Amino acid sequence: MKQSSRFLLLIGPLLLFLVATYLVPFLGIIRWSVTLPEPGLGQYKAALGDPLVLTVFWRTLRICAAVTAGAVTGAYVVTLLWVRGSPLQRLVVELCILIPFWISVLTRAFGWLALLSNKGLINTWLQSLGILSEPLTLVRNEFGVIVGMTHFLIPFAVFPLASSMRNLDERVLMAARGMGAGRARIFWQVFVPMTRPGILGAGLVVFVFALGFFITPAILGGGRSVMVAELIYLRIFQSPDWGLGAAISVILMAGVGILLAAMMRQVRQGASK
Amino acid sequence: MTVLRPGPLAATLAALVAVFLMMPLIAVIPVSFTPTRYLSVPDAEWSLRHYRALIDNPAWAQGAWLSIRIGVVASVVATGLALLFSLGIWMLQPRFAGLLMGLALLPMVAPPVVSALTLYFFLITLSKMNSFIAYDTWAGVALAHAVMIAPFAVVLISVALAQVDRRIDLAARSMGAGLFTRITRVILPNIRFGILTALFLTFVLSWEEIGVTLFITSVNAVTLPRLMWMGLRDNIDPAIAAISVVLITIVVTVILTKAALERRRARAQEKA
């Protein structure tokens, strides 16, 4: 009795807090999705049958796939230097990862506007050099969204990659070298396969994060390449259709839940090996 | 060992990625000095008008002050709750620790937009009962931020606890120390650094939070990120470039100072 009352005193407050502020209201969202504007599963049917919503889902998946590929590749290269480079290389890479990591999503999205918009740095320079007569449209389209999101997510991909590169058994690399493998061969046939769990982990983290992205697509997509999260915002605040917004949220939450469960299984299997 | 160091090709590619990472942060600097009222690159004339606007327009200072207040309240609430929770899990090792941890981390792993909608639902429901912790009030925002940042505090404090040697706690217990004494005299001094880190990180996360804030505020509780968002949406206000330069300068200064201090400490340890 004494044990369990202490237990509740320590663990209880945060759990109560989250149940009251998060779990119960989320049940409210589920209720919205099946009662507004009328009871039933109509909103789910509408969401999955509406070509506009399906376009947005499809676009979201496409952008997330591109961002995942870009962010994991970019992160792999910098992590390689961060983990195995010379002390100077390590310091420079660490600063280039940490500084953007601590800067807010708004500032970073704005930085890309400053670079990519019609009157931004890139277009101004290319035009003053006479290479372009008309500005290139680099932003307020899917390209801008992909660039901005990749930039945001690279630091998040670095951490899982770094841990798999640090935990790797150095002797295997030495053995490959001792048996006469060249640098390229050691990298592609030994090093990369050995860091596969890190690559998968980083890919899942980036993909799950990217699915719910809202601010970067809203600013860099300029309303033209709407992703799922922005669609929810629009359905709640601009063309009020709370039931549909809630239904899309529940679908998104379920999708992320499935991916996370897959990730947990992966981790558990990796641990048991 | 030399063979296993990254070669020039890897170094070149990494340098390109590093440039990619820093480029947008550097690009805001010239834009912030533009003399025009729209986003552009100054060519002949450089102007400080957008920095002056940050001072002349009281909205910026008000937004920053509101964000600081919300950040302090939210990070103290979140870190406090997370500390109790993590201590409970560490000391008592309950059977469903994994499940309880999963629940505690939910707001961190759920898509931010779903959390935003959930907290919007929560706050408009509360608005019907009181006008203090409600939609579009500073207390409502602080509460919502506390929900969003608490999981990060749980992670940091649990990591700090995992490094504490259980035997010192067992020793204290076997010598008759009660739960309260064990926590305040034995465990807390050992995870001091973790708690401070949690406070700092959660404050920063609240300070720059925008996804949830966008859903739960309109015209009264305008935090600094919310104000920036309004300047970014339709006609891009170059004052955003000026405030961005200020924010980037703060982050870079803190990170460089920390790196320098760590280096100096490492050197002092080498000598000793």
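Results, tabulated for the structure shown:
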read-out	value
Helices (runs of 4 or more DSSP H) (entirely within the range A:1-89) containing at least 2 residues that are under 18 Å from the mean Cα position of the chain (by Cα) and either free of Cβ contacts under 8 Å to residues at least 40 places away in the same chain or more than 14 Å from chain B (Cβ to nearest Cβ) (or both)	A:51-84
Meets criteria (outside any loop (DSSP other than H, G, I, E, B), in contact with a Lys or Arg (Cβ under 9 Å, 6 or more places away or on another chain) and either over 30 Å from residue A:190 (Cβ atoms) or of a type in the set (Val, Ile, Thr) (or both)) for residue B:25	yes
Those helices (runs of 4 or more DSSP H) lying entirely in the range A:172-273 with at least 3 residues surrounded by fewer than 14 Cβ atoms within 10 Å (Cβ to Cβ)	A:242-272
Residues satisfying the stated conditions in the range A:104-123, i.e. among the hydrophobic types (A, V, I, L, M, F, W, C) and farther than 23 Å from residue A:214 by Cα	A:121, A:122
Checklist (1) under 17 Å from the mean Cα position of the chain (by Cα); (2) surrounded by 17 or more Cβ atoms within 10 Å (Cβ to Cβ); (3) away from every other protein chain (no Cβ under 14 Å) applied to residue B:141, failing item	(3)
Top-ranked residue of the range B:121-138 - restricted to ones that are β-branched (Val, Ile, Thr) and farther than 20 Å from residue B:75 by Cα, ranked as farthest from the other protein chains (Cβ to nearest Cβ)	B:124
Candidate set: the range B:144-177, residues that are of a type in the set (Gly, Ala, Ser) and not in a helix (DSSP H, G or I); chosen: the one surrounded by the fewest Cβ atoms within 10 Å (Cβ to Cβ)	B:176
Condition met for residue B:2 (modelled with pLDDT of 90 or more and farther than 25 Å from residue A:110 by Cβ)	no
Residue identified as at the interface with chain B (Cβ under 9 Å from one of its Cβ atoms) and in contact (Cβ under 8 Å) with a residue 40 or more places away in the chain among A:146, A:186, A:215	A:215
Selection within the range A:90-119 - outside any helix (DSSP H, G or I) and facing another protein chain (nearest Cβ under 7 Å)	A:103, A:104, A:117, A:119
Residue in the range B:180-192 that is in contact with a Phe, Trp or Tyr (Cβ under 9 Å, 6 or more places away or on another chain), within 24 Å of residue A:21 (Cβ to Cβ) and touching a residue at least 24 places away in the same chain (Cβ under 8 Å) present	no
All positions within the range A:127-169 that are closer than 18 Å to residue A:221 by Cβ, buried (at least 17 other Cβ atoms within 10 Å of the Cβ) and either among the hydroxyl-bearing types (Ser, Thr, Tyr) or not assigned by TED's automatic domain parsing to the domain that holds residue A:217 (or both)	A:150
Candidate set: the range A:115-126, residues that are free of Cβ contacts under 8 Å to residues at least 24 places away in the same chain and either hydrophobic (A, V, I, L, M, F, W, C) or more than 18 Å from residue B:27 (Cβ to Cβ) (or both); chosen: the one surrounded by the most Cβ atoms within 10 Å (Cβ to Cβ)	A:115
Of all residues making up the range A:220-273, the number that are of a type in the set (Phe, Trp, Tyr) and under 24 Å from residue A:145 (Cβ atoms)	2
Some residue of the range B:186-206 being within 9 Å of chain A (Cβ to nearest Cβ) and closer than 23 Å to residue A:212 by Cβ	yes
Residue in the range B:99-120 that is outside any helix (DSSP H, G or I), within 11 Å of another protein chain (Cβ to nearest Cβ), at positive phi and more than 15 Å from the chain's Cα centre (by Cα) present	no
Residue B:256 within 11 Å of chain A (Cβ to nearest Cβ), part of a helix (DSSP H, G or I) and surrounded by fewer than 20 Cβ atoms within 10 Å (Cβ to Cβ)	yes
Search result, residues across the range A:231-246 that are facing chain B (nearest Cβ under 8 Å) and more than 15 Å from residue B:120 (Cβ to Cβ)	none
Any chance residue B:243 is within 13 Å of chain A (Cβ to nearest Cβ), under 28 Å from residue A:114 (Cβ atoms) and loosely packed, with under 13 Cβ neighbours inside 10 Å	no
Where a residue in the range B:79-98 is more than 28 Å from residue B:144 (Cβ to Cβ) and its partner, wherever it lies, is in a helix (DSSP H, G or I), with Cβ under 6 Å and at least six apart	B:92/A:7
Selection count where residues are without any contact (Cβ under 8 Å) to a residue 12 or more places away in the chain and over 13 Å from residue A:29 (Cα atoms), scope the range A:224-240	5
Top-ranked residue in the range B:1-35 [being more than 20 Å from residue A:151 (Cα to Cα), more than 7 Å from chain A (Cβ to nearest Cβ) and among the β-branched types (Val, Ile, Thr); ranked as surrounded by the most Cβ atoms within 10 Å (Cβ to Cβ)]	B:34
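Here's the yes/no breakdown for (1) free of Cβ contacts under 8 Å to residues at least 40 places away in the same chain; (2) in contact with a strand residue (DSSP E or B) (Cβ under 8 Å, 6 or more places away or on another chain); (3) assigned to a helix (DSSP H, G or I):
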position: B:196; (1), (2), (3): yes, no, yes
position: B:212; (1), (2), (3): no, no, yes
position: B:222; (1), (2), (3): no, no, no
position: B:226; (1), (2), (3): no, no, yes
position: B:247; (1), (2), (3): yes, no, yes
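Residue-wise test of (1) under 26 Å from residue B:183 (Cα atoms); (2) crowded, with 18+ Cβ neighbours inside 10 Å.
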{"site": "B:50", "(1), (2)": "no, yes"}
{"site": "B:57", "(1), (2)": "no, no"}
{"site": "B:78", "(1), (2)": "yes, yes"}
{"site": "B:85", "(1), (2)": "yes, yes"}
{"site": "B:102", "(1), (2)": "yes, no"}
{"site": "B:105", "(1), (2)": "yes, no"}
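The values are calculated or read from the model by the stated rules, or taken from the named source; none is laboratory data. Note that the structure is a prediction, hence the values are computed from the model and not measured. Methodologically, a virtual Cβ is constructed for each residue, glycine included, from the backbone with ideal geometry; neighbour enumeration extends over all protein chains shown.
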